[in-house]
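Data block below; observations after.
The values are calculated or read from the model by the stated rules, or taken from the named source; none is laboratory data. Only a predicted model underlies this, so the values are computations on that prediction, with no experimental measurement involved. Reconstructed Cβ throughout: ideal geometry from the backbone, glycine too, with neighbour counts over all protein chains shown.
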């Protein structure tokens, strides 16, 4: 087997991540350079998926351990499959002997296949070969969804305060974006989202966190559902006391990032995948 594609390895044991890279290389998969991305738990893995997606460098395969702190592999899989952006990403779940009885749960959650740890070349090759058609199909989807130039990636900023809208507009322009739409409230924003769909999706939305607690909270739920909205990223901004403190809750809410006011340009750049974390 000879192929080259990006792999996201999620495991709390760095030795197992190293071993996986060696097995992939022995299997003929070129995972050199930035084609091998690592994360220590499911929550971090989800964040890496978002970052790579926003950067236009999504992985063609996710290989995740089952037992991990913060967010387990099966919870990570469920989180991935409930996000429309990642529903089709090939996902291998690594199980130990003690978890093999729970494979049915993984199948119900949408796993592509499972592998048994510790990894062995012959067994892993078999699982990888069976997943290869889905990997190839997914790569065709990724090519069809390739990102346009920065100038053609529109952003939507939703905030009642002109000062905040101006801060983020300046930062986005400094990062190379030129198509930036501003709205004051959620109702106007949803109208702009609807109109934008005929032209192509918004690259991202920056939304005042306070909109979630008002009568205009419909925008947040509209964006969170990801059923009617196909933007690449949804971010909230506000004072530190207003923001969600639990990172796992952020993932469960389908929020891709949040920014304290005033924000730092470097934090915005990292959140949208334009700088390495």
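For the stretch 75-83, check the following and say yes or no: at least one residue is at pLDDT below 90 and not assigned by TED's automatic domain parsing to the domain that holds residue 188.
In the first step, residues of the stretch 75-83 are kept if they are at pLDDT below 90; the result is 82-83.
Within this subset, residues satisfying the condition of being not assigned by TED's automatic domain parsing to the domain that holds residue 188 are 82-83.
Yes, the stretch 75-83 has at least one match.
Return the residues of the stretch 100-118 that are crowded, with 18+ Cβ neighbours inside 10 Å and in contact (Cβ under 8 Å) with a residue 60 or more places away in the chain; say none if nothing qualifies.
117
Output the residue which, of all residues in the stretch 22-44 that are buried (at least 18 other Cβ atoms within 10 Å of the Cβ), modelled with pLDDT of 95 or more and touching a strand residue (DSSP E or B) at 6+ places or on another chain (Cβ under 6 Å), is nearest to residue 122 (Cα to Cα).
My answer is 36.
Would you please name the residue that is farthest from residue 16 (Cα to Cα), looking only at residues in the stretch 122-136 that are in contact (Cβ under 8 Å) with a residue 40 or more places away in the chain and surrounded by 13 or more Cβ atoms within 10 Å (Cβ to Cβ)?
Of everything passing the filter in the stretch 122-136, 134 is farthest from residue 16 (Cα to Cα).
Can you find even one residue in the stretch 13-33 that is within 30 Å of residue 175 (Cβ to Cβ) and part of a helix (DSSP H, G or I)? Even if it seems obvious, please write down each step before you answer.
Residues of the stretch 13-33 within 30 Å of residue 175 (Cβ to Cβ): 31-33.
This time we only want the ones that are part of a helix (DSSP H, G or I), so: 33.
Yes, the stretch 13-33 contains a residue that is within 30 Å of residue 175 (Cβ to Cβ) and part of a helix (DSSP H, G or I).
Given the residues 139, 188, 174, which is the only one that is surrounded by fewer than 18 Cβ atoms within 10 Å (Cβ to Cβ) and at pLDDT below 90? Give the steps one after another, and end with the answer.
Values: 139 fails: at pLDDT below 90; 174 fails: at pLDDT below 90.
Matching residue, one of 139, 188, 174: 188.
Just one of 50, 70, 7 is touching a helix residue (DSSP H, G or I) at 6+ places or on another chain (Cβ under 8 Å), in the same structural domain as residue 106 (by TED's automatic domain parsing) and crowded, with 20+ Cβ neighbours inside 10 Å; which is it? Reasoning before the result, please.
Values: 50 fails: touching a helix residue (DSSP H, G or I) at 6+ places or on another chain (Cβ under 8 Å); 70 fails: crowded, with 20+ Cβ neighbours inside 10 Å.
Going through 50, 70, 7 in turn, the sole match is 7.
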